[in-house]
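Everything below concerns the one structure shown next.
The values are calculated or read from the model by the stated rules, or taken from the named source; none is laboratory data. Just so you know, these numbers come straight off a predicted model, no measurement behind them. FYI the Cβ positions are ideal-geometry reconstructions off the backbone, even for glycines, and counts take in every protein chain you see. Protein only, heavy atoms only, side chains kept; ligands, DNA and RNA dropped before computing areas. Shrake-Rupley method; radii C 1.70, N 1.55, O 1.52, S 1.80 Å.
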Amino acid sequence: MDVEAPKDSDQRPAPPARGKAMQRFLVALNCGMLTLGTTGGPLLSRLYFSKGGHRKWLSAWLETGGWPLLLLPVAASYLSRRAQDPSALVVLTPPRILLAAAGLGLATGADDFLYAYGLSFVPVSTSAILISTQLAFTVFFAFLIVRQRLTALSVNAVALLTVGAVVLGLHVSSDRPAGVSKGQYWLGFLLTLAAAALYGLVLPLIELTYKRAAGGGRVVTYALVMEMQLVMGFFATAFCTVGMIVNNDFQAISREAQAFELGEARYYTVLVWSAILWQFFFLGAVGVIFCVHTLFAGILIAVFIPVTEVLAVIFLHEKFTSEKGVALALSLWGLASYSYGEYSDAKAAKKKAALDALVT
């Protein structure tokens, strides 16, 4: 649980203390959680709205409301440290990093609300493509904040993702869910884009926080990452809780459950599993940033666009229009362009390292 992050020439943390096997396990674990959250979270959130749910703040609250689940692994990590050293610290994270995590949590809470409000007016299949533009925002903000290098292929990917979003915006009439006006659709469209932009900013800020935590020789471990996510989840949920109180959402839950098209029991089942899957998403995202880097997290989120599209068509019976097909193709093209650029850079770096080793 206290495995350290890997480091490379880009100032990544030092090699894992327990070997490559544990590092690969953590990468696989976090990629798996991010996969489940990326595909399952949006589907359940949209199912809530399509079957009679109307509370935007409640939907936003569910995106981070599963943060208490992290108390178990955090407590297990502490007990493990305590068994080895009775004087072990209860909290690994320094106060200034906890303060940064609290700020990131508030930003995440705002992002949750933007996304939930947008998803209430647009289909999952459209929302998934719009969220793919997050990669473009992540590339831009990673360049500004953590000095991630931009290449021609990265810029090409950003351009293609942007054009894909524009294609969707030009054909709103064939995409609107029943009962949603054109104005509401456009509001949902713009809010979803805003959510993508804001989370594209949050991801590199998380990586920057890891680097600040590593300052002064401090080791950044996976346990510290979970503590940070716990704090972020708490403050994001607190932000949305205030919104729920102001909007009287707590009083409306029982009435909404009784009127839910799938029945009262399934209403609460949707809420619980939505909270669990969204927690997988956020923990998986910060874990991938810890194990690899920010842009890889953005890539994985974009990779599962077609999976989310297909699941929305199968389970929610959404229409897959020609415009969505074109936008999806542009998104995947942009993703392929970026992935090839990353692969080429990694291959070139490996070859250079081998040549340098031969020279020395």
Could you list, in sequence order, the residues of the stretch 87-114 that are open to solvent by less than 20 Å² (accessible area, probe 1.4 Å) and not aliphatic (A, V, I, L, M)?
Thr93, Pro94, Gly105, Thr108, Gly109, Asp111, Asp112
Among (1) in a helix (DSSP H, G or I); (2) farther than 18 Å from Gly233 by Cα; (3) not polar (S, T, N, Q), where does Gly52 come up short?
(1)
Assuming Pro68 fulfils every condition listed in (1) open to solvent by 30 Å² or more (accessible area, probe 1.4 Å); (2) over 15 Å from Cys240 (Cβ atoms) apart from one, which condition is it?
(2)
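Return the total of residues in the stretch 110-130 being in a helix (DSSP H, G or I) and in contact with a Ser or Thr (Cβ under 7 Å, 6 or more places away or on another chain). So that I can check it myself, show each step before the final result.
Taking the stretch 110-130 first, the residues in a helix (DSSP H, G or I) are 110-119, 124-130.
This time we only want the ones that are in contact with a Ser or Thr (Cβ under 7 Å, 6 or more places away or on another chain), so: 112, 115-116, 118-119, 124, 127-130.
Within the stretch 110-130, residues that are in a helix (DSSP H, G or I) and in contact with a Ser or Thr (Cβ under 7 Å, 6 or more places away or on another chain) number 10.
Kindly provide the set of residues from the stretch 331-359 that are of a type in the set (A, V, I, L, M, F, W, C) and either under 18 Å from Val303 (Cα atoms) or not in a helix (DSSP H, G or I) (or both), ordered by number.
As a first pass, look at the stretch 331-359 and keep what is of a type in the set (A, V, I, L, M, F, W, C): 332-333, 335-336, 346, 348-349, 353-355, 357-359.
Residues satisfying the conditions are Leu332, Trp333, Leu335, Ala336.
Can you find a residue in the stretch 330-350 that is under 30 Å from Ala236 (Cα atoms), at pLDDT 80 or above and of a type in the set (A, V, I, L, M)? Steps first, answer last, please.
Looking only at the stretch 330-350, we keep the residues that are under 30 Å from Ala236 (Cα atoms), and these are 331, 335.
Pick out the ones that are also at pLDDT 80 or above and you get none.
So far as the stretch 330-350 goes, no, none of its residues is under 30 Å from Ala236 (Cα atoms), at pLDDT 80 or above and of a type in the set (A, V, I, L, M).
So that you can scan it fast, the table gives a plain yes or no per residue for (1) at pLDDT below 95; (2) within 16 Å of His293 (Cα to Cα); (3) open to solvent by less than 10 Å² (accessible area, probe 1.4 Å):
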| position | (1), (2), (3) |
| --- | --- |
| Thr192 | yes, no, yes |
| Ala196 | yes, no, yes |
| Leu205 | yes, yes, no |
| Ala214 | yes, yes, no |
| Val219 | yes, no, no |
| Glu227 | yes, no, no |
